Amino acid sequence: MFYSPENRQGLKHNPFKAIVAPRPIGWISTRGPLGDNLAPYSFFNAISDTPMQVMFAGGHKDSIRNVQSSGVFAVNLVSHPLLAQMNASSAALPLGVDEFAVAGVQKAECDTIACPRVAQAPASLECRALQVLDLKGGDLMVIGEVTGIHIDPQFLQNGRFDTAAAQLTARLGYRDYAVIDRIFELARPQD
């Protein structure tokens, strides 16, 4: 079967997000003129490791406006125990309402940037914005350089971040999510 994104023919629901999955959830925290903001973005990922860079993309919302104003943001990774709070922070709320409070999430201050982070997150990335790009269709993409990483010590095993123990949650298509609770190693041929 062939699905045309332009005509949306052949399927009742757009399959794109279900096919490009799983996607990590970037739970983006920012601080702006009207206060602190916290919102999940499923269009989030690492894009480089030298230097460490990440991106997230979405509509003209508080998070992106705050990044444009302050130049900084934090990416908080979502563990399965934080799924309900992450979902609560996705509500469309009036400007200036603090999603940390609405979702019942504890704040901690970042070390390298003037921004809050989710204290309970298994890991948080402090970021300085490098670019905000206009995307076709009207969304914006923020690219940031990681300036610091917070890791909950309970998820460090032998000097490595234990993704399965952290139960990181990923976004699939439709209303579907996945939890990473099992991992395996696979050596590359040159290893």
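Taking the Cα of Gln120, stepping 7 Å toward and past its beta carbon, and measuring to each backbone N in the stretch 67-107: which are under 15 Å? Inside the label zone: 76-90, 99-107.
Summing charges over all other residues whose Cβ lies under 13 Å from the Cβ of Gln106, with Lys and Arg as +1 and Asp and Glu as -1, gives -3.
Charged neighbours of Gln53, selected by a Cβ distance under 11 Å, balance to -1 (K, R count +1; D, E count -1).
Accessible area ranking (1.4 Å probe, heavy atoms, ligands and nucleic acids excluded), largest first, for Lys136, Lys12: Lys136, Lys12.
Rolling a 1.4 angstrom probe over the protein heavy atoms with all chains in place gives the chain an accessible area of 59 Å² per residue. Across the stretch 41-175, the convex hull enclosing all Cα atoms gives 128 Å³ per residue. Backbone amide hydrogens, once placed in the peptide plane, bring Ala123 within less than 5 Å of Leu77, Asp152, excluding anything fewer than 5 places away on its chain. In the chain, the portion of solvent-accessible area held by carbon and sulfur atoms comes to 53 percent [1.4 Å probe, whole percent, DNA, RNA and ligands not counted].
Straight-line cross-link reach from Lys136 at under 29 Å between alpha-carbon atoms covers these lysines, not counting any fewer than eight positions away in the same chain: Lys12, Lys17, Lys61.
Full extension of the chain between Ile149 and Glu6 yields a length gain of 47.5 nm, computed as 0.36 nm times the residue separation minus the alpha carbon distance.
Based on DSSP H segments of at least four residues, each scored -39500 (n - 2.57), the chain has a per-residue ellipticity at 222 nm of -3000 deg cm²/dmol. Backbone geometry of the stretch 10-23 corresponds, through the Karplus equation with coefficients 6.51, -1.76 and 1.60 at θ = phi - 60°, to 3J(HN,Hα) couplings of x, 9, 5, 10, 4, x, 3, 5, 6, 7, 8, 7, x, 10 Hz, x marking Gly and Pro. Here's the picture: charge each Lys and Arg Cβ at +1 and each Asp and Glu Cβ at -1 in the stretch 16-151, and of Pro33, Ala18, Leu133 the one pushed furthest to the positive end of that dipole is Ala18.
The values are calculated or read from the model by the stated rules, or taken from the named source; none is laboratory data. Keep in mind that this is a model prediction, so the values were computed, not measured. Neighbour counts are summed over all protein chains in view; Cβ atoms, including those assigned to glycine, are modelled from backbone coordinates with ideal geometry. Remember, those area values only see protein heavy atoms, side chains included, never the ligands or the DNA or RNA. Shrake-Rupley method; radii C 1.70, N 1.55, O 1.52, S 1.80 Å.
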